[in-house]
Structures are given as structure tokens and as C-alpha cells.
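Data first, discussion second: the structure below is written as C-alpha cells.
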Amino acid sequence: MTSQEPIKIIVIGGGTSGLSAATRARRINEHADITIIDVCSYINYRISIIPRYVAGTIKNKEEFMLGGESRIPAVYNIKLISRSEVTKILPEDKKVIIRNIETHTILEKTYDKLIIATGNKYILPKLFSGAANFFKLRNIDDAIEIREYIRKTSARNISIISDNIVSVLLADQFLANGFNVNIISEGTRLVKEFDDEFNLLLIKEMESQGINVYLNSQLEYIKNENDLVTKINIGEKLINTHLIIYLNKIKPNVDLARDAGLVLDDQGNGILVDEKMQTSNRDIFAIGSIATSFSTITKGRERINLYGPAQFQGRVAGTVAAGGLMNYTGILGTKIVKFNNLYVGSTGMDEEEALKSGFTPFSLNIFSGNSDRFVQGSKQLHLKIIVDKITRRVLGAFVAGRDRGVDKKLDVLVTAIYSKLTIDDLINLNLSYIPDISTYKDPINLIGMIGANRLDNISDSVNLNDINKDGAKDYIILDIGNKNEYEYERLSGAISIPLEELRTRYKELEKDKKIYVYGKTGLRSYIAERILKGLGFEKVFNVDGGLLSMKLLSNVIK
């Protein structure tokens, strides 16, 4: 699939998606005239490097630039116009107006195909322009500016204003380099893309390492006589700070598209594109965080700000613009973050999104290991999947754990969702096993078995919220852990009958009452549920995920 047509292609934006589009276009069409225009001084760097550079893990920018500026023209024969912005698109004339931001000179350039990859912009507080220690972080130029300020001032107290995954990546690197870090979110979640349970996992890990996390905060910035923000008032708490990195209130930069008359989505936040990443003007493409594309699962409209989808969208747009054929298959929204040695990832939909999309969802939690228990260094893995009751299809997944294994399990579930697999398919996946890398009953297979048992009415599972909402109040909470486990931690109001004693002590339970059974992870309690149902108890429910899934909640007594 190559083309020999001598076509002019202009790419506005040299970030992840723009560079992907330009280099793909060259591989498809050796004779195309390709130009990238970007406001940055530097083009051809991985944006994922920015947190490491800002925090000082990577000392010099030369370590990751590695001749990138010269490599793109030399290897790909792509023209670079840096430190310049496109101020206007003229679709009728197939022309863009370019202004150099240093010399203010104006240039006009024609195109046959135009690819817009302008990324995001910030809605900044009014004080931004007047405070020398208040920074946005959008690209490598911003990162260099922050790094230089830290070098000059020896700033150690860093405040990050954000509710997205970049804040976690930054905090991880700053912590590793000895900084004091505050993360402040005006929202109710640290990372808006993760559900409450997995947000709590991240927050607990951060706080255990000395990171201060503040949610649902109303911010007031307090300057000193030198016009530096030295304190942040978040209500009852006054935070001292040397430097602020602002990653809040990010919006897609669609001003050029709007002015050019391209059709935007209903919210006016993204440029509507089809499966070829073409806009309402067939000669203009939009990619990355500005493009409102579609969900892989529902085919409904969706826009996302992640490196992976941006790169794939660039590949499609570059192929089509250069004369080739390719379709985009949609957004799953797979993401993973690391803090300390904790990894948290997700893909697909959460329960709320699935419900809004017309599915009948339920969730399942399990706790397993990244290797067999007898292997030294084995760590716990937490898996949660979202399943549609009607089709049995897997719709979403969350995975968390330490060290190794999280990425593998997450990627298997990504593949399952992309391929429209059901929980029954998860059971039948013949996954690799040796004790060092997984458990003898793989967590993916196991969560499929649990889900199938639930849908086939072999097991009835509930979560803690279901118990709290139970209006009957005339129920039994049964702890089937051993005596030491029960004395160490238990659910408020629970009675104790260890699993090993259940067959001899079951008569202590009343058959006409609901019985909520839990253990540490939900596996032993499933066995207890089956025992009791086999003995004639009809209203027995297994608490999903067991005590580990409830430990963050207030009614766990320790």
C-alpha cells in the first residue's frame, strides 16, 4: 500500500499524533511534500519523558533529544517549521497562515491535505502571567522552563494542581528525587479516569510515602511581596509551596478548526471525525485530543487525551492523507500509571459508563497473585471487570498490583474487550504458566469462572453497598476466616464460623434469614456459600472481593 502521487501535506502540531501522522505519510508516499509546523522549539521527543526530565531523573535534555531535530529531515525528508503557529486555516484556498512567534514574520503555505494535531490548551488562573513560580506543563518547552527554575531557586516544595494521570507520574518522579509534593484536585478523584476504589488504592500508597493529596478543594493562591505564590489556601488548610505546576482545566485546542468552519461535537470540545480521521472537510484531518472519534465498544462519539490513541489516529490520518487506505477502530481508553512500586491500570468502561450506554452491567473483584504463593517476592494482584449481564461480554477492567504482572493482565483484558470476548471466553484462554510469573489458576481464568457462576445462578454475589442498602436489617454477616483473621480485622457486626467448622456448626445459622458471607478475598466465602446452599440455605450471598475489597471503608474493624 504505497502511493507515488506528489501531494502536499501540512501537519499542524509536532506532538505524538502529529509526528506519527507525518512519518506514516512518508512511509506511504515517498514523493509527498510533508511539513510539520509547531510552536515548540523542539520536535521529535516522547512526551512521556517530560515527568522524568522535570523532576531531574533525566539530567540533560540532550539525553532524550538525541539529534531528533536533524533526524526527521534526514531520515524522513520532512520539513520542520518550529517556533511558529498557524493563525488561520483557509479551506477554500487550501492555505494556512503561519506566524513566527519570535520574529512575528508571516508566511502563507498551501496544502492538498491538512492534518490538525494542535493538542490541548489550559484555562489558566489570572495570576498565571504575574507569578514567576506558577507554570503550566504542556510540552518540552514548558518542562525546560520548570527545570531551569528549580535549578536556579533550589525549590523543594512542589504543588501539582491536577486531576489526571500526569499528576501521578510527576509525583512519582519528584518523590524519587527527594522533593516534597502536594497534589491538589478540585474534583472528587485524584485520577478522574479511575473509579473510586482504585483511586483510593493510589491515594493510600501516595500518603504512605509522604505525598499530601487534597481532593474537592477550592483554591486560593497567596502571593508574597515578590509576586511569587508561596501559599495555597484550600479551605481549612494552608499549604506552603515553592513552585506550582498547573495541569488543571485542560481543553482541546480547537480554535483554528472552529474558525475554519469545521463541524465540532455537541459540546464544542472536539472536532468530529470519521473512521479515516477526516473532518467535515474531506481534505482536513483531526487527530489526538482534539478529535471526537468513537468508542470501540459502543461506536458512540468519544474523545480522549492519551498517547496510545493519539499515535494510532496519527497513523490512520497519515496513511489516508498520503493516498493509502486505513480505518481507525475506535477508543478503548487503556491507561496505566506507576507510583512507587504500585501499578494501576484500566481499560474500557466503568459501571456508570456502561449503564449510560444501555448495557446491564455488574462488576466482579478478585484478589490473586502475580506468582504462586511459595515463590519469593510474590505480590497481590487486584482485578476488577465490568460485564454485561445480557450478552456476558466483558466491557471494562481495572488492575492494580506491585512490581510485575499488572501490565500483562491488563493487556489480556484489553484484547478480550477489543475482541468482544465474554466471561466464558476468559475461562477458556490457555494462558502461559510457570510459578514465577502467575498462579496455577490464572486470575483471568478465575475471574471468568466467578462471573459465569454468578450469571448461571450458581453463586449470588453482592458488594458492601448492597449490604448497607439492605432495608431488612434482619440478616446475618458471616465471617468464615480463621480465629486469628477474625480477631485481627472483621466487618462490623459479623459473627465468626471458620470455613473448616462450617459443616459441623451450620445449625447455628437461621435458614429464614439472609446470610452475607465473606472471607479475605471472596474465594473461600464462595466455597462457604456453596456448602450452605447445598445444606438447604436459600438466601446466601458471597461478598464480592471479600475483606480486602472493603478494607478502605469505615466499617471494617481492626
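Quick notes on this one:
- Taking the number of Cβ atoms within 10 Å of each Cβ as an exposure proxy, the fewest-first ranking of His242, His382 is His242, His382.
- In the chain, the longest principal axis of the Cα atoms and the axis of helix 140-153 are about 80 degrees apart.
- Fewest-first ranking of Tyr486, Tyr526, using other Cβ atoms within 10 Å as the exposure measure: Tyr486, Tyr526
- Inter-label distance, nm, simple model (7 Å from Cα along the C-beta direction), Glu220/Asn269: 3.0 nm
- Here the spin labels are modelled as points 7 Å beyond Cα on the Cα-Cβ line, and at Val75 and Glu352 they lie 4.2 nm apart.
- Over the chain, dividing the summed -39,500 (n - 2.57) contributions of all DSSP H runs of at least 4 residues by the number of residues returns a 222 nm mean residue ellipticity of -8000 deg cm²/dmol.
- Extension gain for Lys299 to Ser419 (0.36 nm times residue separation, less C-alpha to C-alpha distance): 41.8 nm.
- Scattering from the range 461-557 was approximated by placing one identical point on each alpha carbon and applying the Debye formula without solvent; log10 I(q)/I(0) at 0.13, 0.14, 0.25 1/Å stands at -0.37, -0.43, -1.50.
- Placing pseudo-labels 7 Å out from each Cα toward the beta carbon at Glu538 and Asn465 gives an inter-label distance of 2.9 nm.
- For the range 263-330, trypsin sites (Lys or Arg not before Pro) meeting the loop criterion (DSSP other than H, G, I, E, B) and having at most 14 other Cβ atoms within 10 Å: Arg282, Lys299.
- For the chain, a crude dipole built from +1 on the beta carbon of Lys and Arg and -1 on the beta carbon of Asp and Glu, taken about the Cα centre, is about 520 debye to the nearest 20.
- The chain: angle of helix 523-534 to the longest principal axis, Cα-based, in degrees nearest 10: 40 degrees
- Residues of the range 475-493 falling in the label zone of Lys513, defined by backbone nitrogen less than 15 Å from a point 7 Å along Cα to beta-carbon, are 475-480, 492-493.
- Added length on full extension, which subtracts the Cα-Cα distance from 0.36 nm per residue, Asn100 to Lys204: 32.7 nm
- Gyration tensor verdict on the chain (Cα atoms; rounded if a/c is under 1.5, prolate if a/b is larger than b/c, oblate otherwise): prolate
- Extension gain, Asp255 back to Ala132 (0.36 nm per residue minus Cα-Cα distance, nm): 41.5 nm
- Placing unit charges on the Cβ atoms only, positive for Lys and Arg and negative for Asp and Glu, gives the range 345-424 a dipole magnitude near 200 debye about its Cα centre.
- Spatially, the range 311-328 and the range 5-58 are offset by 14 Å when compared through their Cα centroids.
- For the peptides 287-294, 368-375, 46-53, the ranking by packing is 287-294, 46-53, 368-375, with the highest mean count of neighbouring Cβ atoms within 10 Å listed first.
- Classified by the C-alpha gyration tensor, the range 205-340 has a prolate form. Its axis ratio a/c, with a ≥ b ≥ c, is 1.5 or above, and a/b is larger than b/c.
- Helix 165-176 vs. the chain, principal-axis angle (Cα, 0 to 90°, nearest 10): 80 degrees
- Annotation: amide H of Ile477 within the under-5 Å range of Ile495, Tyr516, sequence separation 5 or more or interchain, hydrogens built in the peptide plane.
- Among 543-549, 355-361, sorting by the average number of other beta carbon atoms lying within 10 angstrom of each residue, highest first, gives 543-549, 355-361.
Just so you know, all these numbers are worked out from the coordinates, no wet-lab data involved. Predicted model, so just to flag it, every value in this text is computed and none were measured. Because the Cβ atoms are built from the backbone with ideal geometry, glycine has one as well, and the counts that use them run over all protein chains shown.
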